[in-house]
Amino acid sequence: MVVPAGGLGTRFLPATKALPKEMVPVGDRPSIQWGIEEAVASGIERAVIVTAPGKELIQAHFAADPGLVATLEGRGADDLAHRVRDISQLCQMEFVVQPEPLGLGHAVWCAAPLVQGEEAIGVMLPDDLFSGSPPLLGQLIDVYRQQHCTVLALRRCPRDQISRYGVAAVEGEGAIFRVTDVVEKPSAAAAPSDLALMGRYVLTPEVIAELETTSAGAGGEIQLTDAIRRLAQKGAVVGLEFTGRLLDVGTLESWLATNAEIVWRDQELGPMLRARIQELELNQE
């Protein structure tokens, strides 16, 4: 599996001037850890994380820290020590640096030497956290095992928001579609459907091969969607309208909303949050 985590995090500045956006906490853990845990629940045993210069904290987060574990155990915080130990044992992790932020396609291409020879690779964007069962990446893997081709995660999107996403042109009915084209961030009028690509992919080696000859596209970046669309035109891509929800943490507003939802549902923190909100409401009267 490949996790692109080399973006600049400009939507979270100045908080992300030194802190990688993927390390911004959601609940009690950074957003990238939520993604790795989803992958592990999907059966993934190895992850290649694509970082950028200055993002060493991501690798440090997943590294073993026996000193911290020993300190916590010495203080009787065995449960917390166990949780810290588990972070480095989630799966096998390797790291590669994307020298410049040249787009999602370029990030996947940077990981290519570490995934050569694999039958297919999962790609997970940590800007979206999945809520539901079975895990989203696992749903795509199941479709790949049936179809043996590239699989995209699709979700219906309101037309006034469609320009934020890659959008699939599709054929067929039901939950699994044949994808005939992919358009990167079209206008509402130009969008070929209301099915948007939602940050999870299973890519065959043919996509990596297409990236080798993909030039800069929208935004001056090497777009993964450009490589996928060429493969789709050959009839080798399907899309799954998945079950479950994605919680967006890609903007400050959506990050706040997702944190509020996660904390609200937490058995320990939820009551404290509700009490604080009630207190704030009373103080406004």
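With (1) without any contact (Cβ under 8 Å) to a residue 40 or more places away in the chain; (2) over 26 Å from Thr204 (Cα atoms) as the list, and Val249 as the residue in question, which single condition is left unmet?
(1)
Pairs please, first residue from the range 89-108 and touching a residue at least 24 places away in the same chain (Cβ under 8 Å) and in the same structural domain as Lys185 (by TED's automatic domain parsing), second anywhere and among the β-branched types (Val, Ile, Thr) and assigned to a helix (DSSP H, G or I), Cβ atoms under 6 Å, 6+ apart in sequence or on different chains.
As it stands, the answer is Leu90/Ile36; Leu90/Val40; Cys91/Val40, since those pairs meet every condition given.
Does Ser163 fit the bill of being surrounded by 18 or more Cβ atoms within 10 Å (Cβ to Cβ) and not in a strand (DSSP E or B)?
The answer is no for Ser163.
Yes or no, residue by residue, for (1) within 21 Å of the chain's Cα centre (by Cα); (2) assigned to a helix (DSSP H, G or I); (3) surrounded by 13 or more Cβ atoms within 10 Å (Cβ to Cβ); (4) not basic (Lys, Arg):
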{"position": "Ala64", "(1), (2), (3), (4)": "no, no, no, yes"}
{"position": "Val69", "(1), (2), (3), (4)": "no, yes, yes, yes"}
{"position": "Leu72", "(1), (2), (3), (4)": "no, yes, yes, yes"}
{"position": "Leu90", "(1), (2), (3), (4)": "yes, no, yes, yes"}
{"position": "Phe95", "(1), (2), (3), (4)": "yes, no, yes, yes"}
{"position": "Glu100", "(1), (2), (3), (4)": "yes, no, no, yes"}
{"position": "His106", "(1), (2), (3), (4)": "yes, yes, yes, yes"}
{"position": "Gly117", "(1), (2), (3), (4)": "no, no, no, yes"}
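Could you check the range 180-285 for helices (runs of 4 or more DSSP H) lying wholly inside it with 1 or more residues that are among the β-branched types (Val, Ile, Thr) and under 30 Å from Cys149 (Cβ atoms)?
205-211, 224-232
Out of all the residues in the range 126-148, which are of a type in the set (Asp, Glu) and part of a strand (DSSP E or B)?
Within the range 126-148, just Asp128 meets the criteria.
Determine whether Asp181 is over 30 Å from Gly54 (Cα atoms) and either loosely packed, with under 15 Cβ neighbours inside 10 Å or without any contact (Cβ under 8 Å) to a residue 40 or more places away in the chain (or both).
It is false that Asp181 is over 30 Å from Gly54 (Cα atoms) and either loosely packed, with under 15 Cβ neighbours inside 10 Å or without any contact (Cβ under 8 Å) to a residue 40 or more places away in the chain (or both).
In the same structural domain as Gln139 (by TED's automatic domain parsing), touching a Leu at 6+ places or on another chain (Cβ under 8 Å) and modelled with pLDDT of 95 or more: which single residue out of Ala39, Ala63, Ala70, Ala77 fits that description?
None of the other options fit; the residue is Ala39.
Looking at Pro186, Pro126 in this structure, which one is closer than 25 Å to Gly35 by Cα and modelled with pLDDT under 95?
Exactly one residue qualifies, and that residue is Pro126.
Of all the residues that make up the range 5-36, how many are more than 17 Å from Ala60 (Cα to Cα), crowded, with 18+ Cβ neighbours inside 10 Å and touching a residue at least 24 places away in the same chain (Cβ under 8 Å)?
The number of residues fulfilling the criteria is 3.
The values are calculated or read from the model by the stated rules, or taken from the named source; none is laboratory data. Given the structure is predicted, the values throughout are model-derived calculations rather than measurements. Glycine also receives a Cβ, built like all others from the backbone with ideal geometry; neighbour counts cover every protein chain displayed.
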